Structure formats: C-alpha cells, structure tokens
Amino acid sequence: MIPDYQSLMRPVLECAANGEVQISDVIDLLADKFHLTDADRDELLPSGKQARFANRVHWAKSYLKQAGLVKATRRGHFVITERGKTAVADRAATIDRNYLEQFPEFQEFQSRTKEVAATEIPRPGGDESHATPDEILRAAHKKINEALSAELIDRVRDVSPAFFEKLIIELLLAMGYGGASEEAGRALGKTGDDGIDGVVDQDPLGVDQVYVQAKRYGEGNGVGASAMRDFFGALSLKKAQKGIFVTTSSFSPSAVRTAKDLGSRIVLVDGAHLARRGTRLVLDETYNRSPHFGTPYL
C-alpha cells in the first residue's frame with residue numbers, strides 16, 4: 001500500500017540526515033523501505049503524468065521545505081536543516097502537518113493558501129462528499145499554483161544578485177516586453193550605473209527602452225520611498241520614459257504613493273506578482289515539455 005504524504009515526512013527527513021540528497025534517490029530509497037511492489041511504484045496519478053508515490057514524496061519534501069526543516073541546495077537536491085535534525089531526533093514526535101504548524105514559516109505559507117481552505121483537496125481517508133469533482137479539481141489547481149509560487153520566490157531569494165538580474169530580464173521578455181526578439185533585454189550587472197540593473201529594448205533600434213531595477217530582498221524587508229526616488233532619479237538621468245521596479249519582497253505604502261506621485265512611468269512588481277507570473281510560465285513550460293507535470297517544486 002502506498003503511504004500518504006504525511007507518513008512520508010519523517011522518512012524523507014531521515015534520508016537527508018547525513019548530507020545532501022537528490023529527490024529521485026529518496027524516492028527509490030523510500031520505495032524499498034516501504035516494500036512497494038512494482039505495481040505500487042508504477043501506479044500513476046489520474047493525469048497519467050507522474051507516479052503517485054513519487055508525487056507524494058515530492059509533496060512531503062515541499063511541506064518540510066515550507067516549515068524550514070529542509071532547504072533546497074540545487075535543482076532536485078536538498079539538505080536537512082538544524083530544525084529538521086531536531087525534529088528527527090525527537091523519536092516521540094509525529095512529523096505531519098499538525099507538527100509543522102508550530103513554525104512561523106509554515107503558518108505564513110498556510111495563510112497564503114487559506115483562500116482554498118474551504119475546498120482543499122481531501123486528505124487520504126477524508127470525506128469527499130462535500131465537494132463536487134469540479135470543485136476538487138479547481139482546488140487542486142490553485143493549491144499547486146500556491147505551493148509552486150512559494151517555492152519559486154524562496155529559490156529566487158537564494159540566488160546571486162547577477163543571476164537574479166538576468167532572471168528578471170528573461171522573465172520580462174517572456175511576459176512580452178521587447179517584442180519577439182530574444183536579445184531585446186540585457187542585465188547590466190556590475191556595469192550598471194545610477195541604480196539601473198537592466199534594460200529592455202522596445203524596438204529593434206533600441207530607441208524606446210524600459211529600464212529595470214531589481215531588488216532581491218527577504219520577506220519583511222520591503223522597498224521604501226527613498227529607493228523609489230533614487231530609481232526615479234536614475235530614469236531622469238537616462239532621459240527614460242519607462243521603468244520597472246521588481247522586488248522579491250513588497251513595497252511600503254509610502255513607496256507606492258511616491259511612485260504614483262512621481263508619475264505613471266514606473267511599474268511596480270512585488271514578490272507576490274513576480275511569483276504568480278513565474279509560476280504561470282513554469283507551469284506552461286512544464287506542461288509542454290516535462291514528463292513530471294504535477295511536481296510541486298522546481
């Protein structure tokens with residue numbers, strides 16, 4: 001019998017107890033640990049895109065990540081944190097969603113997904129009679145979006161400043177800025193000046209340009225009014241008519257008000273908006289190209 005994802009949380013942690021592990025290896029190790037038959041290992045989700053057991057291991061790891069018990073290191077790899085080691089050491093603890101709810105990070109994650117609480121996917125053994133198949137499907141779609149958005153923004157906060165700036169430019173191009181040209185945007189990196197991190201050409205000759213400022217801030221460290229005035233000054237020096245200010249955190253009310261007072265040429269993109277846009281692009285790419293559609297992480 002395939003264990004539910006909550007029953008897999010402690011085993012996933014234990015697999016990472018001795019150092020970095022790869023999620024695909026964890027899936028194989030746990031399949032052996034639970035003595036799954038070939039039929040169990042090969043059983044697919046209704047979508048036919050992913051094995052049910054692998055999907056549950058991914059969800060277990062994803063929830064542990066949101067609670068700070070594991071940390072992603074690179075694509076498909078993760079390590080246990082000190083908090084995770086403490087959890088594993090407590091043999092009397094049942095590591096499940098109730099256990100994770102003691103941590104502020106998980107509480108914040110839950111608050112971001114509270115909109116779907118009324119129609120949340122029923123847990124194994126739960127009562128599905130209150131929800132129609134259409135409601136369950138819609139809840140599942142939104143739950144995946146919310147989990148992936150949270151994972152994306154966490155991963156983006158961990159990358160280098162240079163990579164972040166390049167990522168933002170590529171995302172803007174994917175959103176339609178710069179037209180059809182793949183070379184319309186470029187990150188300036190250390191060569192940037194006056195608070196400009198990148199530029200996107202709106203026409204082939206680069207006459208009409210959009211200048212970009214990207215701030216890779218942690219949650220709770222919002223962008224203030226002074227940063228907005230600095231960016232406006234940088235745009236004025238460039239004689240630019242358009243600017244996009246992107247942050248992984250949020251904009252303070254004074255920053256929003258300052259941007260509005262300075263003129264409508266500054267577009268603000270906060271972490272929530274950035275995550276939603278990124279999630280949509282990732283899901284589109286995943287659906288079109290990946291055999292692992294349904295996996296709740298990068």
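Structure notes:
- Sorted on the mean count of surrounding Cβ atoms within 10 Å across their residues, most packed first, peptides 70-78, 51-59 read 51-59, 70-78.
- Share of pairwise Cα separations in region 1-111, more than 21 Å, in percent: 34
- Listed pairs K71/K166; K33/K71; K33/K166; K166/K239 exceeding 32 Å between Cα atoms: K33/K166
Read-outs throughout are calculated quantities, based only on the coordinates presented, and are distinct from any laboratory measurement. These figures come from a predicted structure and were not determined experimentally. Every residue, glycine among them, receives a Cβ derived from its backbone with ideal geometry; neighbour counts consider all protein chains shown.
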